[in-house]
Amino acid sequence: MALQYYNRHPKGLKVGDCVVRAISTVFNAGYMETRRDLNRIKKALGFNSYKDHDFLYEYLKDYERLIFKAVKGQKRLKLVGFAKEYQTGTYVVAIRKHVVAVVDGVILDTWDSSYLTVYTAWKIEPAISLKDLGIDDIRKVESVL
C-alpha cells in the first residue's frame, strides 16, 4: 500500500474540496469542470452540498458499492487496509468526514488519510491507471506502512 500526495486543485490549494478532488481524479476530468458539474447535479437532485454523503450515494448509484459495516469484536477497516486489499482498480472511498481516490492500491490525497476508517467505496469502471494521471515514477510514491 502506498500514498501519493496528489492535489488536482488547479492552484495547488489545500482546501475542503475532497469530493471534487476524488471525483475529478477517478474520472480523470478537469477540476473546475468537475466542480461545476457537481454543483449543477446537486441542485438538480435537491441537495444543499455535494459534500453530503447522501449526495455521493445518489451521484455514484450506478457504480458497484462496497459497504464496510462494523462487526462486533473486530477492528474496522482502515484506508491503509483497503488500499492493500484492493490493489487493482479505481475507487472513490468514503472515510470518516472525508472522501478519497484509490487507484491500483495507491491512496491519492493531499494528506495522509490512511489511518481513517472506511465506510463505503464505489468501484469506478472503466478503471484508470496511475499512468493516466501522470504518475509513472513509482519512486514518487511514499510507503505509509
Test: residue in region 106-124 that is free of Cβ contacts under 8 Å to residues at least 24 places away in the same chain, surrounded by fewer than 18 Cβ atoms within 10 Å (Cβ to Cβ) and not in a loop (DSSP other than H, G, I, E, B):
no
Residue ID - most open to solvent (accessible area, probe 1.4 Å), chosen from residues in region 34-51 that are in contact with a helix residue (DSSP H, G or I) (Cβ under 8 Å, 6 or more places away or on another chain) and without any contact (Cβ under 8 Å) to a residue 12 or more places away in the chain
N48
Tell me yes or no: at least one residue of region 28-37 is of a type in the set (A, V, I, L, M), closer than 18 Å to A127 by Cα and in a loop (DSSP other than H, G, I, E, B).
yes
Tell me yes or no: at least one residue of region 11-27 is surrounded by fewer than 20 Cβ atoms within 10 Å (Cβ to Cβ) and in contact with an Asp or Glu (Cβ under 8 Å, 6 or more places away or on another chain).
no
State all residues of region 52-105 that are open to solvent by 50 Å² or more (accessible area, probe 1.4 Å) and in a strand (DSSP E or B); if no residue qualifies, say none.
E64, R65, I67, K78
Is it the case, given these coordinates, that N7 is touching a helix residue (DSSP H, G or I) at 6+ places or on another chain (Cβ under 9 Å), touching a residue at least 60 places away in the same chain (Cβ under 8 Å) and open to solvent by 60 Å² or more (accessible area, probe 1.4 Å)?
no
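The values are calculated or read from the model by the stated rules, or taken from the named source; none is laboratory data. Just so it is clear, the structure is predicted and the values come from calculations on it, not from any experiment. Virtual Cβ from ideal backbone geometry, glycine too; neighbours counted across all protein chains shown. The protein model used for the area step is the full one, side chains on, heavy atoms only, and it has no ligands, DNA or RNA in it. Shrake-Rupley method; radii C 1.70, N 1.55, O 1.52, S 1.80 Å.
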